[in-house]
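K.L.:
Got a structure for you, questions after.
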Amino acid sequence: MGCVRFNGVVPSTSARALTLLSVLSTGATVAAADLAARLGVAERTLRRDVDTLRGLGYRIASTRGLGGGYRLVSGTRLPPLVLDEEQVVAIAVALQTVPAVLTGIGESSARALRTVRQVMPERLAAESDAFSVTAVPNYWEFPAPPVDAAVVRDVGAAVRHRHLLRAEYSPADAAPERLRLEPHDLVVWAGRWYLVAYALGSEEWRVLRLDRLRAGDPTWVDFAERARPVSPAELVKRTVDRGDTLAAWPCRGSAVLEVPPAAAAEFAPGGAVVERVDDARSRLRMGAWSWIGLAGLFITFGARMTKVEPAELRQAFATARERLAAIEPE
């Protein structure tokens, strides 16, 4: 952690106490050496500050030995708001950018930011005002439409409480499915929200696009934790059939690449679609703003290609080959 500096002067005991509470408020055990560095004081001074907080009624547990530190005991009552500058920046940025990935939450996030500002000390409120953010997607982000915040709330509650989920799922090119799921993880990857769930009935792990899923009423039925074959992140990245659709670019094409399907799924840009040909080959469909730009995306895989469609994409590869061959060495 970086050290807090107040014009080169070690902060007062009261200022250090607030910073200490802020750092410990996560409930995690923080190493004494890290806390001392954070406050810019010696560990002996840190122990006195901890004793000061204990004297004020804060329950702070300590662990000794190598890696020892301090932890705020669960259930301890905190002041209305204890934040440092870095947390203020995180809140301001998060609340201003969340409407880019969730719909139906823009007004709520703005209201939440105003509410937080009202209880901030003047110095921190000024820090928050310094971070006015406008989120504008870039073409290279291959953005997806924002997800309804209500869907995230409903599915997130089922994940958090480990309750079975009844849902209707609409694949890209198939009839809607009615599913009974054990919802294990929510994963955001390449600007898209996915649910990692175990589907009862088919008895298989599924990666489902959250924007294609409609949750039913809560079931209140518990399910046990189930061992995943790989981490949730790896499962999402390497699953070919994860509900992705081809983005609406002006130039779209496809090719069969000598790339294993899991690898193609992991490294294809958002807005691309991967189809399994066999264990060693994938059919990749992508789009871009120009044919030459699309050819460049395919070239990034550095793999042999066949069945390139349409003719405009084949011509773009020929043009790229000519222009690269014409480059003269320095």
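The values are calculated or read from the model by the stated rules, or taken from the named source; none is laboratory data. This is a predicted model, so every value here is computed, not measured. Here the Cβ positions follow ideal geometry from the backbone for every residue, glycine too, while neighbour counts run over all protein chains shown.
K.L.:
Kindly evaluate residue 299 against the criterion of being surrounded by fewer than 16 Cβ atoms within 10 Å (Cβ to Cβ), aliphatic (A, V, I, L, M) and not assigned by TED's automatic domain parsing to the domain that holds residue 193.
P.N.:
yes
K.L.:
Oh, and also: Looking at the range 308-330, I want the residues that are closer than 25 Å to residue 285 by Cβ and have a partner that is charged (D, E, K, R) and surrounded by 10 or more Cβ atoms within 10 Å (Cβ to Cβ) with Cβ atoms under 6 Å, at least 6 apart or on another chain. Which pairs are those?
P.N.:
Close Cβ pairs satisfying both conditions: 308/314.
K.L.:
Here are the criteria: (1) in the same structural domain as residue 164 (by TED's automatic domain parsing); (2) over 28 Å from the mean Cα position of the chain (by Cα). Tell me which single one residue 279 does not satisfy.
P.N.:
Checking residue 279 against (1) in the same structural domain as residue 164 (by TED's automatic domain parsing); (2) over 28 Å from the mean Cα position of the chain (by Cα), the one that fails is (1).
K.L.:
Whether any residue in the range 178-201 is over 22 Å from residue 306 (Cα atoms), part of a strand (DSSP E or B) and of a type in the set (Asp, Glu) is what I want to check.
P.N.:
yes
K.L.:
Let me ask something else about it. Condition first: of a type in the set (Lys, Arg) and either within 30 Å of the chain's Cα centre (by Cα) or at pLDDT 70 or above (or both). Now tell me which residues in the range 1-48 satisfy that.
P.N.:
16, 38, 44, 47, 48 - these are the residues of the range 1-48 that are of a type in the set (Lys, Arg) and either within 30 Å of the chain's Cα centre (by Cα) or at pLDDT 70 or above (or both).
K.L.:
Mind counting the residues in the range 118-151 that are modelled with pLDDT of 75 or more, touching a Gly at 6+ places or on another chain (Cβ under 7 Å) and in a helix (DSSP H, G or I)?
P.N.:
2
K.L.:
Name the single residue that is modelled with the lowest pLDDT among those in the range 171-222 being within 16 Å of the chain's Cα centre (by Cα) and on the phi > 0 side of the Ramachandran plot.
P.N.:
Out of the qualifying residues, it is 191.
K.L.:
Shifting gears a bit: Residues in the range 152-177 that are out of contact with any helix residue (DSSP H, G or I) (no Cβ under 9 Å at 6 or more places or on another chain) and either over 19 Å from residue 242 (Cβ atoms) or assigned to a helix (DSSP H, G or I) (or both): how many?
P.N.:
Summing the residues that are out of contact with any helix residue (DSSP H, G or I) (no Cβ under 9 Å at 6 or more places or on another chain) and either over 19 Å from residue 242 (Cβ atoms) or assigned to a helix (DSSP H, G or I) (or both) in the range 152-177 gives 10.
K.L.:
Only residues that are of a type in the set (A, V, I, L, M) and either surrounded by fewer than 17 Cβ atoms within 10 Å (Cβ to Cβ) or in contact (Cβ under 8 Å) with a residue 40 or more places away in the chain (or both): list them for the range 153-185, please.
P.N.:
Scanning the range 153-185 gives 155, 157, 158, 164, 165, 167, 172, 174, 175.
K.L.:
Taking residue 217 and the conditions (1) surrounded by 14 or more Cβ atoms within 10 Å (Cβ to Cβ); (2) in a loop (DSSP other than H, G, I, E, B), which numbered condition does it fall short on, given that it satisfies the others?
P.N.:
(1)
K.L.:
Given the options 196, 240, 230, 147, name the one that is β-branched (Val, Ile, Thr) and exposed (fewer than 14 other Cβ atoms within 10 Å of the Cβ).
P.N.:
230
K.L.:
Let me ask you something else. Being polar (S, T, N, Q), modelled with pLDDT under 85 and in a loop (DSSP other than H, G, I, E, B) is the requirement here; does residue 115 meet it?
P.N.:
no
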